[in-house]
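All remarks here apply to the structure that follows.
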Amino acid sequence: MSFNLEINDHKPALENFAIAFTKNTDDANDLVQDTYLKAIRYSYLFKEGTNMRGWLYTIMRNTFINDYRATSRRRTIMDTTEDLLSVQLLKSASKNEGEGTMISEDISKALKKLPASYRVPFIKYFEGFKYHEIADELDIPIGTVKTRIHEARRLLKATLKMYN
């Protein structure tokens, strides 16, 4: 029996597999067609006497994984309308200097409420110092620096939650 006729015997099973993969009849038909094209192109790799259906299924699965997932990601439409409008409004709106001053005062008050052991590493990190530089300067382990900065952030978020 010729190779082309032999692979055609497995068409119903391949169509069922393709529908299971794609959940869409048109995409399933395309996947079966791509599978046949690859099977014919690489027919010299098929070993006579082995499982033809399994070989075709493997080609189909790999084709689906490589091509169809990438295609579906490209087809996904992201709605960024809300984000764009927010950005545009921020750029076009006039700033209220009084509001900015109030926010700065609230941040300063929240920082002053932090224990010095949290405040100092946090401010140094905020100023651009690296963890190891802060650890060296304060003569504490780097893990302690990371923990204190993390705790300072957590406490500040709780105190300033009205600005979320």
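For this structure, a couple of remarks:
- Candidates in segment 112-164 are the residues that are assigned to a helix (DSSP H, G or I) and in contact (Cβ under 8 Å) with a residue 40 or more places away in the chain; of these, the one that is nearest to Met102 (Cα to Cα) is Tyr163.
- Filter result for Ser72 (at pLDDT below 85, exposed (fewer than 13 other Cβ atoms within 10 Å of the Cβ) and assigned to a helix (DSSP H, G or I)): yes
- Tallying residues that are surrounded by 11 or more Cβ atoms within 10 Å (Cβ to Cβ) and among the small types (Gly, Ala, Ser) within segment 1-52 yields 5.
The values are calculated or read from the model by the stated rules, or taken from the named source; none is laboratory data. Quick caveat, the model's predicted, so the values are computed rather than measured. So basically every Cβ, Gly included, is an ideal-geometry build from the backbone, and we count neighbours across all protein chains shown.
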